[in-house]
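Notes for the one structure printed next.
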Ligand code: GLC
């Protein structure tokens, strides 16, 4: 083999040999510039207005791409391939969080579907639209366990439970990455924000997170450890300060755990400006020291802090960063570029937008995922609507488009959005419908009340479409007050006083405190923010064409004074004392709450064996009968409850779930295989899994089964 032969350009050469060959040819300057990510154009998200780099070097490692057509990307890529010494392709990334042009429900809503296969399909469609538009890498999924609805970013994750975030994180990775990363419709996933960002103090964004080592291991790390098993290509290091050491300078999480304990060989990119922000967080005196801390901790790519491009070469020369550390970060980036096939296929083929976006099959998945993510919170029998002659559709969400998309709406276009009023009108063809906006989301203007009240007086039933604007949740959207806005409550009070049946349809990116709206509503449908194609699902649920099947992935507090409030809490020292004196200590709606138009009866639990040894597996079975009047999809949740352990455990922990269609009158048998060590054991503050002899309860519905571990 001639030494000058460029092994790295030969696709028949094993990947790791190509990486080492290319790495061996790179200068320090070339290595340093690879570890930077700039934007190509200006950022389209108001939170991160970076200074655009005008003359992007051909050797740049990665760019955030805001286009929907590949031409600009291909021009930039040709610059890299032809004007750089080694012709290393650029890695293009973007926040395709819950869709690219076809916009799916926000991830918190998707979790309420309890249908990982459907979530995977949605992510696969997102990957196809994203890849064919010129982007190789999405900064998704977010798998931050979050229990504080004041934090706007609860909208972007999969709720309060570690296992739920793990399973949906895996599903998203499978959807995005497909069978092989170099497939023409696969993109690299990015698990974020590593780690513990969801514990943001008092729901404020970018702040301190008090996370004990025990909680780090038993709550915030499991979604990452499990999602990595699906082969996630990358992670994003977080903004938050993890009990004194920020996520983007935390050697313990980024290297000791991620690399040394879990053996992850993929890429870590910082969050936007997270390296620079180490100065604000008080651990770096300047941008140079911030870069040193981040790289040495394990952050491979500097997203828009301009620390690495300015100081890494100097830091290596001064031995503040070992050349081996620099090489390892470059190695991880090159591996991903080879895995994505960028050396062989650096350019995105041209496709017609009409063939790429919003394909018929994609819209069907979007509608189905919207339908399955919606949660019927309350119903006194008013729903489904039966032969209603006159229906009033009222509220700021009724004839709204953009706010249906929620946060991180990608390239979703308002013209694509199916509005609630249209969906309901299309569905209820025999019903006369009157619309009145009534009020805006906020403010004091009651001038629209009169028209709304007239419509309500005219109608037999009133549908009130209320809640949050799409940009009230998501990044940098912490709300200290999460009650339904006063103007909306006042409108509800006036309409309630008329005495007609009221159905409340909620659009929101976080659990809300609903207050008097609950008693003023005969039924409450949590629509969340369903994306471009959710209106038909709402209409179908109202008409009874669709039997609602969503269940909450995050608790609704009765009052914001209760926050944090979540299901898998530890038990109190006093079971009958310590409660609030001024109100209930119970949530408004619990985790996994969700009503159906039918009824399910659960049989007794059974187990393949009830006395178990460590390392064994056990099969737990339960039969569920649909003894109601409608076909329906039921999600069976299996929890483990260990009342006595050397480290106290949550009162119950979700360990399995399964959602199935059960036709009316029929019975389905659900079987779950549990691994004694993994599923019945617990973890200590070093991440060591331990299994103790003694009783462990399996809980499904209101049924319990005791297992004995010897
Ligand atoms: C933002 C977000 C992160 C996103 C990144 C790139 O600040 O924290 O979730 O992926 O920057 O836009």
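The values are calculated or read from the model by the stated rules, or taken from the named source; none is laboratory data. Remember, predicted model here, so these are calculated numbers, not experimental data. Quick reminder, even Gly has a Cβ in these numbers, built from the backbone with ideal geometry, and neighbours come from all protein chains shown.
Looking only at the range 44-62, filter to residues that are touching a strand residue (DSSP E or B) at 6+ places or on another chain (Cβ under 7 Å) and farther than 17 Å from residue 341 by Cα; which one of those is nearest to the ligand (Cβ to nearest atom)? Before the answer, list the steps.
Filtering the range 44-62 down to residues touching a strand residue (DSSP E or B) at 6+ places or on another chain (Cβ under 7 Å) leaves 50, 52-53, 56, 60-62.
If we keep only those that are farther than 17 Å from residue 341 by Cα too, we end up with 50, 52-53, 56, 60.
On the way: 50: 10, 52: 14, 53: 16, 56: 17, 60: 16 Å.
Only one residue tops the list, namely 50.
Looking at 153, 174 in this structure, which one is outside any loop (DSSP other than H, G, I, E, B) and within 14 Å of the ligand (Cβ to nearest atom)? Give the derivation first.
Working: 174 fails: within 14 Å of the ligand (Cβ to nearest atom).
One residue alone meets the criteria, 153.
Within the set of pairs 6+ apart or on separate chains, which have a first residue in the range 234-254 that is closer than 13 Å to residue 208 by Cβ and in contact (Cβ under 8 Å) with a residue 40 or more places away in the chain, a second that is within 11 Å of the ligand (Cβ to nearest atom) and in a loop (DSSP other than H, G, I, E, B), and C-beta atoms under 7 Å apart?
238/271; 239/206; 239/271; 239/274; 247/238; 247/239; 247/240
Can we say residue 110 is out of contact with any strand residue (DSSP E or B) (no Cβ under 6 Å at 6 or more places or on another chain), under 22 Å from residue 348 (Cβ atoms), outside any loop (DSSP other than H, G, I, E, B) and more than 16 Å from the ligand (Cβ to nearest atom)?
Details: out of contact with any strand residue (DSSP E or B) (no Cβ under 6 Å at 6 or more places or on another chain): yes; under 22 Å from residue 348 (Cβ atoms): no; outside any loop (DSSP other than H, G, I, E, B): yes; more than 16 Å from the ligand (Cβ to nearest atom): yes.
Answer is no for this residue.
Of the conditions (1) free of Cβ contacts under 8 Å to residues at least 60 places away in the same chain; (2) away from the ligand (no atom under 16 Å from the Cβ); (3) closer than 20 Å to residue 356 by Cα; (4) crowded, with 24+ Cβ neighbours inside 10 Å, residue 122 fails just one. Which one is it?
Checking residue 122 against (1) free of Cβ contacts under 8 Å to residues at least 60 places away in the same chain; (2) away from the ligand (no atom under 16 Å from the Cβ); (3) closer than 20 Å to residue 356 by Cα; (4) crowded, with 24+ Cβ neighbours inside 10 Å, the one that fails is (1).
Determine which member of the set 73, 101 is under 30 Å from residue 18 (Cα atoms), surrounded by fewer than 24 Cβ atoms within 10 Å (Cβ to Cβ) and touching a residue at least 40 places away in the same chain (Cβ under 8 Å).
Just one listed residue meets the conditions, 73.
What are the residues in the range 296-339 that are in contact (Cβ under 8 Å) with a residue 60 or more places away in the chain, crowded, with 20+ Cβ neighbours inside 10 Å and within 16 Å of the ligand (Cβ to nearest atom), if any?
Hits for the range 296-339 are 299, 300, 301, 302, 303, 304.
Among 185, 167, 211, which is the only one that is under 30 Å from residue 482 (Cα atoms), touching a helix residue (DSSP H, G or I) at 6+ places or on another chain (Cβ under 6 Å), in a loop (DSSP other than H, G, I, E, B) and away from the ligand (no atom under 14 Å from the Cβ)? Before you say what the answer is, go through the steps one by one.
Details: 185 fails: under 30 Å from residue 482 (Cα atoms); 167 fails: in a loop (DSSP other than H, G, I, E, B).
None of the others qualify; the one that does is 211.
Of the residues 406, 438, which single one is at positive phi, over 24 Å from the mean Cα position of the chain (by Cα) and part of a loop (DSSP other than H, G, I, E, B)?
Only one candidate qualifies: 438.
Among the listed residues 278, 254, 293, identify the single one that is within 16 Å of the ligand (Cβ to nearest atom), surrounded by 20 or more Cβ atoms within 10 Å (Cβ to Cβ) and assigned to a helix (DSSP H, G or I).
Details: 254 fails: within 16 Å of the ligand (Cβ to nearest atom); 293 fails: within 16 Å of the ligand (Cβ to nearest atom).
When all the criteria are applied, what remains is 278.
Taking residue 31 as meeting all but one of (1) under 30 Å from the mean Cα position of the chain (by Cα); (2) crowded, with 16+ Cβ neighbours inside 10 Å, write down the number of the exception.
Evaluating residue 31 over (1) under 30 Å from the mean Cα position of the chain (by Cα); (2) crowded, with 16+ Cβ neighbours inside 10 Å leaves (1) as the failure.
Would you mention how many residues in the range 30-43 are touching a strand residue (DSSP E or B) at 6+ places or on another chain (Cβ under 7 Å), within 18 Å of residue 138 (Cβ to Cβ) and more than 11 Å from the ligand (Cβ to nearest atom)?
Residues that pass the stated criteria total 2.
With respect to the numbered conditions (1) within 19 Å of residue 397 (Cα to Cα); (2) touching a residue at least 60 places away in the same chain (Cβ under 8 Å); (3) over 21 Å from the mean Cα position of the chain (by Cα), which one is the sole condition not fulfilled by residue 545?
(1)
Going through 95, 144 one at a time, which residue ends up being within 15 Å of the ligand (Cβ to nearest atom) and either more than 30 Å from residue 560 (Cα to Cα) or surrounded by fewer than 24 Cβ atoms within 10 Å (Cβ to Cβ) (or both)? Quick ask: steps written out before the conclusion?
Numbers: 144 fails: either more than 30 Å from residue 560 (Cα to Cα) or surrounded by fewer than 24 Cβ atoms within 10 Å (Cβ to Cβ) (or both).
One residue alone meets the criteria, 95.
Residues to consider are 234, 230, 248; find the one that is under 24 Å from residue 167 (Cβ atoms) and within 16 Å of the ligand (Cβ to nearest atom).
Numbers: 230 fails: within 16 Å of the ligand (Cβ to nearest atom); 248 fails: under 24 Å from residue 167 (Cβ atoms).
Selected residue: 234, the only one of 234, 230, 248 that is under 24 Å from residue 167 (Cβ atoms) and within 16 Å of the ligand (Cβ to nearest atom).
Taking the criterion of being surrounded by fewer than 24 Cβ atoms within 10 Å (Cβ to Cβ), touching a strand residue (DSSP E or B) at 6+ places or on another chain (Cβ under 6 Å) and free of Cβ contacts under 8 Å to residues at least 60 places away in the same chain, would at least one residue in the range 187-206 satisfy it?
Yes, the range 187-206 has at least one match.
In this structure, does residue 129 turn out to be out of contact with any helix residue (DSSP H, G or I) (no Cβ under 8 Å at 6 or more places or on another chain) and more than 16 Å from the ligand (Cβ to nearest atom)?
Details: out of contact with any helix residue (DSSP H, G or I) (no Cβ under 8 Å at 6 or more places or on another chain): no; more than 16 Å from the ligand (Cβ to nearest atom): yes.
No: the conditions fail for residue 129.
Looking only at the range 667-697, count every residue that is within 14 Å of residue 609 (Cβ to Cβ) and in contact (Cβ under 8 Å) with a residue 60 or more places away in the chain and tell me the total.
Qualifying residue count for the region: 2.
Per-residue answers, yes or no, for (1) modelled with pLDDT of 95 or more; (2) closer than 28 Å to residue 384 by Cα; (3) assigned to a strand (DSSP E or B):
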| residue | (1), (2), (3) |
| --- | --- |
| 609 | yes, no, no |
| 629 | yes, yes, no |
| 635 | yes, yes, yes |
| 645 | yes, no, no |
| 658 | yes, yes, yes |
| 665 | yes, yes, no |
| 697 | yes, no, yes |
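Of the conditions (1) closer than 29 Å to residue 654 by Cβ; (2) buried (at least 22 other Cβ atoms within 10 Å of the Cβ); (3) within 16 Å of the ligand (Cβ to nearest atom), residue 269 satisfies every one except a single condition; which number is it?
The single condition residue 269 does not satisfy is (1).
From the set of residues in the range 132-141 that are in a loop (DSSP other than H, G, I, E, B) and in contact with a helix residue (DSSP H, G or I) (Cβ under 8 Å, 6 or more places away or on another chain), which is nearest to the ligand (Cβ to nearest atom)?
Taking the range 132-141 and keeping what is in a loop (DSSP other than H, G, I, E, B), we get 132-136, 139-141.
Filter once more, so that each one left must be in contact with a helix residue (DSSP H, G or I) (Cβ under 8 Å, 6 or more places away or on another chain): 132-135, 140-141.
On the way: 132: 21, 133: 16, 134: 17, 135: 12, 140: 8, 141: 11 Å.
Filtering first and then ranking leaves 140.
Residue check: is residue 90 touching a helix residue (DSSP H, G or I) at 6+ places or on another chain (Cβ under 7 Å) and modelled with pLDDT of 95 or more?
Values: touching a helix residue (DSSP H, G or I) at 6+ places or on another chain (Cβ under 7 Å): yes; modelled with pLDDT of 95 or more: yes.
Answer is yes for this residue.
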